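J.: Right, I'll just put the structure down here and ask away after.
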Amino acid sequence: MRTSDDPYDEPPRAMQLVVRAEKAAPPGHGAVCAAAARAVVALLTDPRTTDPEGEWHDAVRRWEDGRIRKVARRARGVRWPEVQALPGVTVEQDGAEVRAFVPGSVADVPPEISKLQVAGLDLADEEEPKPPPEPPYAVIALNPGVAMTTGKAAAQSGHAAHLLLRQAGEPGLAEWIGSGPRVHLVRDLPWHRCVEHAAVAVRDAGFTEVPPGTMTAVAWLRGASPARG
């Protein structure tokens, strides 16, 4: 794994994402990615983050001042309820449950999270793509030409939603946030069309799985403008 050589990124900080993945009934790959995206936005728009006096505000701001790393891990059995006691937000979508935690130093991850496995979170995809929800919602597309585990794809989906929230500046952003916010992982649109629609694009730093600069995901809002989607 590469380490950061950015002086503004020391010490490295990350948002931990924990996916519930029970052996008996694991969630689908796409549902995990959508739930991860929603969990990231839910934490970033929580009053404990947005209020300057909120208990999460300073930690999130310090993290966003550097690289917005996200690390996905899996939990099953008693490990899942254990992490619910830590500061964060849990989101459920289509049978997938993901909890996003308040960002912190990668050298000081709580033991309940650090003991969870990072590598190897790779789940089967759903047999049938889920239909989109009612607008407004965020559309996220993962690059089909880039091989990624579910854990990596979930982190990239979180990045896409994060960038959409912070950088898009599109009409309808407030309505989207108020919607839940809803997220749809698109599968039936060619990648070049997704890139044309994109309001934001994720280019990976190359710490795991893919080379630096790889475009892993794009996102845009559906319902904000009749010309998009």
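J.: Could you tell me the relative contact order of the stretch 1-118? Use alpha-carbon pairs under 8 Å, at least six residues apart, and round to a whole percent. Can you show the working numbers first?
T.: On the way: 187 pairs, mean separation 50.1, N = 118.
Result for the stretch 1-118 is 42 percent.
J.: Antiparallel DSSP bridges in the chain: what percent, to the nearest 5?
T.: Taking every DSSP beta bridge with both residues in the chain, the antiparallel ones total about 70 percent.
J.: Additional query: When the accessible area of the chain is computed with all protein chains present and a 1.4 Å probe, what percentage of it is carbon and sulfur?
T.: Answer for the chain is 51 percent, counting heavy atoms of protein chains only.
J.: Largest first, how would Thr214, Thr90, Thr150 line up by accessible area (1.4 Å probe)?
T.: Thr90, Thr214, Thr150
J.: So, taking all protein chains as they sit and a 1.4 Å probe, how much accessible area belongs to Glu134, in Å² rounded to tens?
T.: Its heavy atoms expose roughly 140 Å² to the probe.
J.: Below 8 Å between Cα atoms, with a sequence gap of 6+, how large is the relative contact order for the chain in percent? Walk me through the numbers before you get to the answer.
T.: On the way: 449 pairs, mean separation 59.2, N = 229.
RCO, the chain: 26 percent.
J.: To the nearest Å, what is the center-to-center distance of the stretch 22-53 and the stretch 153-222, using C-alpha atoms only?
T.: 14
J.: Let me ask another. Between the DSSP loop rule and a limit of at most 16 other Cβ atoms within 10 Å, which GluC sites (Glu not before Pro) in the stretch 55-121 are left?
T.: Hits after loop and neighbour filter: Glu55.
The values are calculated or read from the model by the stated rules, or taken from the named source; none is laboratory data. Keep in mind it's a predicted model, so treat the numbers as computed, not measured. With ideal geometry, Cβ positions are generated from the backbone for all residues, glycine too; neighbour counts draw on all protein chains shown. When the accessible area is computed, the model is the full protein with side chains, heavy atoms only, and any ligands, DNA or RNA have been set aside. Shrake-Rupley method; radii C 1.70, N 1.55, O 1.52, S 1.80 Å.
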